[in-house]
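Take a look at the structure set out below.
Only the coordinates and a few stated rules stand behind these numbers; no lab work does. Just so we're clear, the structure is a prediction, and the values are computed from it rather than from any experiment. Ideal geometry is used to build each Cβ from the backbone, glycine not excepted, and the neighbour counts take in all protein chains shown.
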Amino acid sequence: MKDFHTDRTLYIQIFMLVLFAGLLVKAAQLQLFDNSYKARANAIAVDKITQYPSRGLIYDRNMKLLVNNNPMYDLMVTYNQVDTKMDTTLFCELLNITKEKFEKNLNKDFRGVKYSKSIPFVFLKKISTETYAKFQEHLYEFPGFFVQIRNVRGYPHTNAPHVLGYISEVNKSQIEKSKGIYELGDYIGASGLELSYEKQLRGEKGRKYLLKDNLGRVVGDYKNGELDTAAISGKDLITSIDLDLQTYAEQLMQNKRGSVVAIEPKTGEILAILSSPGYDPNLLVINRNRGAALQDLLGDTLNRPFFDRTVMAKYPPGSIFKTLVGLVGMQEGTWSANKPVKCNGAYYYNNISVGCRDHPSARNIAIGLQYSCNSYFIQCLRSIIDKESFYKPKVGLDLFVDYMYKFGLGKKLNTDLPYELTGNIPTVSYYDFLYPKSRGGWKSPTIMSIGIGQGEIEMTTLQIANLAATIANKGYYYTPHLGKGFRYNTAEIDSKFKIKNEVGVDAIHFESVIDGMRRVVEAGTARVAKIPGIDLCGKTGTSQNAGEDHSVFFGFAPAEDPKIAIAVYVENAKYSFAAPIASLITEKYLRGNIVDWRLSLEERLTNASLLDTP
């Protein structure tokens, strides 16, 4: 009997020791190894307040302010501190909200992890300065509520919406990918330069830690502010845009569909760039009216104001492409600068004919460009494709395509505007698919329309302007870009914008093309673009379209020392708009004003509307 009692006592002691050891291990886990409970306690005792930085400002090349910051206010609330006897009628009147919204915004699901009764949360976002001014006089009457200041974008001008872009609230995916940089409620660049230079513009958030009692009331700085960090403002971006030139270009393009890009050839800096129709960037500032404005803009499916035609629209370039065909033919030795071509009003091959206008005989490439002779450049294109032999067109087309890539066509130029498209340069594989051997295959006559910029050739307006800059530089270009630098030299623009891109055509061959482009303006298809006292070189184009044809012009000036290269594309305008618009923009930039006798042209173009044509 004694042994039995002894054994039972021993078992009980062992059981108690095991139980005690388990409790000891659990206590050690909770207090020494598991930080979740400590974090939860701190979340109740310490309030982490985000200090939001000022977003970097954006300037034009002459330091005129394009984008600034305006204060916006978020009303925060700590549920445990709210006075249940407060005057909710006055509260709602001051904020212009209903009592139903008051109840909805205050009473959250406190059983979940998102909200706590002792931790502040956003009660009302995007309070305007005017509303805040009225409300803050009565703020002391509403315990538990306080205001957190945020900076949102403001626009002193209505210009360049596609260039500047806009900001929006981060989504769940962006938060997850940011590795802690963004939190719920933060704003991020969503388009334009706001997106491209988000990293530099956003700045760095600061933190302030406040010690609170068990009722959530602030009793002082946590650890005397040792853990607090100040917000660091974003870097101020200086763009290459000339605001005065941008404003003038937008004036000429109002009530028209199309795009304009003007580049400084020696640097690749974009002086003006616009897509029309556009919109007033002030419509998309962060406020309570933004949602309705956004829906209105998205609902305009005819004009598509958010569609950036400078880098997203892929257009047939038309006759401006003839300059490229001539350059490649001369460089490869399949064509001579002084080669004459007889044109009888069309180019004929078997039962196919491509029409041409009535003009004097094209004795050389310059005159061929002056009169935009289709016969001349179809034959030049065929000489390139048939370089190896008529029966080996793939060799010639591969050669031609390689040149196009060097000129920045058929691929992205990788500018600092987002959403840039590639355009299209048809390749051997494309034509093999389109014209398989089982159906006879293809040869140079099959694809001869690309010699005059039609067929499958597509370019963006940015690519067209860059081609003008390349010709102006006689064989090279700098990648077009909008970022010129940062104020106070706080950072550098991407080094890729300082690389000279050689296109593989000798400078001597550009002389004939430039001579032809000078003739186009002096006595050819773009006489309307002639600028008194300024030697403008250019080339017109009429791009075939299902409706009215598109009007295109590209050029540069002055001829001997180019300061500006420009491309203008006006949809559904035939031939009468792009060239004069380009010449007025060029004159405005180089001279600063328009000569008196051309003011009537300026007025006519400004007042013309082409938006009736779908």
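Sorting the segments 514-521, 166-173, 342-349, 52-59 by their residues' average number of neighbouring beta-carbon atoms within 10 angstrom, most packed first, yields 514-521, 52-59, 166-173, 342-349. About the centre of its Cα atoms, the stretch 47-239 shows a dipole size close to 500 debye [charges on the beta carbon of Lys, Arg (+1) and Asp, Glu (-1) only; nearest 20 debye].
Using a/c under 1.5 as the rounded threshold, could you call the stretch 421-489 rounded, prolate or oblate? The axes a ≥ b ≥ c are square roots of the C-alpha gyration tensor eigenvalues, and prolate needs a/b larger than b/c, oblate otherwise. Prolate shape, in that a/c is at least 1.5 and a/b is the bigger ratio.
Extension gain for residue 86 to residue 438 (0.36 nm times residue separation, less C-alpha to C-alpha distance): 118.2 nm.
Between helix 36-45 and the chain there is an angle of about 90 degrees, using the helix long axis and the longest principal axis of the Cα atoms. Amide H of residue 268: which non-local residues (sequence gap of 5 or more, or other chain) have their own amide H closer than 5 Å, using H built in the peptide plane? Excluding prolines and chain starts, which carry no amide H, the hits are 478. Between the amide H of residue 362 and those of 341, 343, distances stay under 5 Å, these residues lying 5 or more places away or on another chain, with hydrogens modeled in the peptide plane.
Sort the stretch 141-187 into rounded, prolate or oblate with this rule: let a ≥ b ≥ c be the square roots of the eigenvalues of the Cα gyration tensor; rounded if a/c is under 1.5, and if a/c is not under 1.5, prolate when a/b is larger than b/c, oblate otherwise. Oblate, because a/c is 1.5 or more while a/b does not exceed b/c. Over all pairs of different C-alpha atoms, the stretch 297-365 has a mean inverse distance whose reciprocal, the Kirkwood radius, equals 15.8 Å. Placing unit charges on the Cβ atoms of the charged side chains and taking the dipole of the chain about its Cα centre, the candidate lying farthest along the positive direction among 279, 346, 195 is 195.
With both labels modelled 7 Å from their Cα along Cα-to-Cβ, the residue 247 to residue 399 distance reads 5.2 nm. Taking the C-alpha atoms only, the angle from helix 374-385 to the longest principal axis of the chain is near 70 degrees. Residue by residue, the stretch 298-310 carries 3J(HN,Hα) couplings of 5, x, 7, 6, 6, 9, 6, x, 7, 7, 8, 5, 6 Hz when phi is fed to the Karplus relation 6.51 cos²θ - 1.76 cosθ + 1.60 (θ = phi - 60°); x denotes Gly or Pro.
Descending by average beta-carbon neighbour count within 10 Å, the peptides 350-356, 133-139 line up as 133-139, 350-356, the highest first. The charge dipole of the chain, taken about its Cα centre with unit charges on the Cβ atoms of Lys, Arg (+1), Asp and Glu (-1) only, comes to about 1000 debye.
Straight distance only, please: which lysines reach the Cα of residue 212 with their own Cα at less than 22 Å, same-chain residues fewer than 8 apart left out? By straight Cα distance, residue 212 reaches 38, 48, 108, 114, 117, 223. Please give the helix 578-591 orientation as an angle from the longest Cα principal axis of the chain, in degrees from 0 to 90, rounded to the nearest 10. Helix 578-591 and the main axis of the chain meet at about 70 degrees. Give the shape of the stretch 493-611 as rounded, prolate or oblate, defined through the alpha-carbon gyration tensor: a ≥ b ≥ c are the square roots of its eigenvalues, a/c under 1.5 means rounded, and otherwise the shape is prolate if a/b is larger than b/c and oblate if not. Prolate shape, in that a/c is at least 1.5 and a/b is the bigger ratio. Here the label points at residue 109 and residue 49, each 7 Å from Cα along the C-beta direction, are separated by 3.0 nm in the simple model. In plain terms, the chain from residue 14 to residue 128 could stretch by 34.1 nm, reckoned as 0.36 nm per residue minus the Cα-Cα distance.
Phi-derived couplings, Karplus 6.51 cos²θ - 1.76 cosθ + 1.60 at θ = phi - 60°, listed residue by residue for the stretch 432-444: 4, 6, 6, 10, x, 4, 5, 10, x, x, 9, 9, 4 Hz, with x used for Gly and Pro. Helices in the chain, meaning DSSP H runs of at least 4 residues, each add -39500 (n - 2.57). Divided by all residues, the mean residue ellipticity at 222 nm is -10000 deg cm²/dmol.
When each of the peptides 416-422, 579-585 is scored by the mean number of other C-beta atoms lying within 10 Å of its residues, the order from highest to lowest reads 579-585, 416-422. Note on residue 392/residue 476: beta-carbon distance plugged into 1/(1 + (r/R0)^6) with R0 of 45 Å gives a FRET efficiency of 0.90. Modelled spin labels at residue 422 and residue 511, positioned 7 Å past Cα toward Cβ, are 3.7 nm from each other. Solvent-free Debye calculation, one equal scatterer per alpha-carbon of the chain: log10 I(q)/I(0) at 0.06, 0.07, 0.11 Å⁻¹ equals -0.47, -0.58, -1.03. The stretch 505-532 and the stretch 442-486 have Cα centres separated by 17 Å. Summarising the amide proton neighbourhood of residue 485: residues at separation of 5 or more, or on other chains, whose placed amide H is nearer than 5 Å comprise 238.
Ordering 233, 611, 576 by the projection of their Cα atoms onto the charge dipole of the chain, which places +1 on the Cβ of Lys and Arg and -1 on the Cβ of Asp and Glu, puts 233 at the extreme positive end. In summary, the lysines within cross-link reach of residue 392, defined as a Cα separation below 19 angstrom excluding same-chain residues under 8 places away, comprise 437, 443. In whole percents, the pair-distance distribution calculated for the stretch 47-239 from its alpha-carbon pairs, binned every 10 Å from zero, is 8, 29, 33, 23, 7, 0.
The HN-Hα couplings worked out from phi for the stretch 120-130 by the Karplus form 6.51 cos²θ - 1.76 cosθ + 1.60 (θ = phi - 60°) are x, 9, 6, 8, 8, 8, 6, 7, 6, 4, 5 Hz, whole numbers, x standing for Gly and Pro. A Förster radius of 22 Å, combined with the Cβ-Cβ distance separating residue 229 from residue 487, puts the computed FRET efficiency at roughly 0.40.
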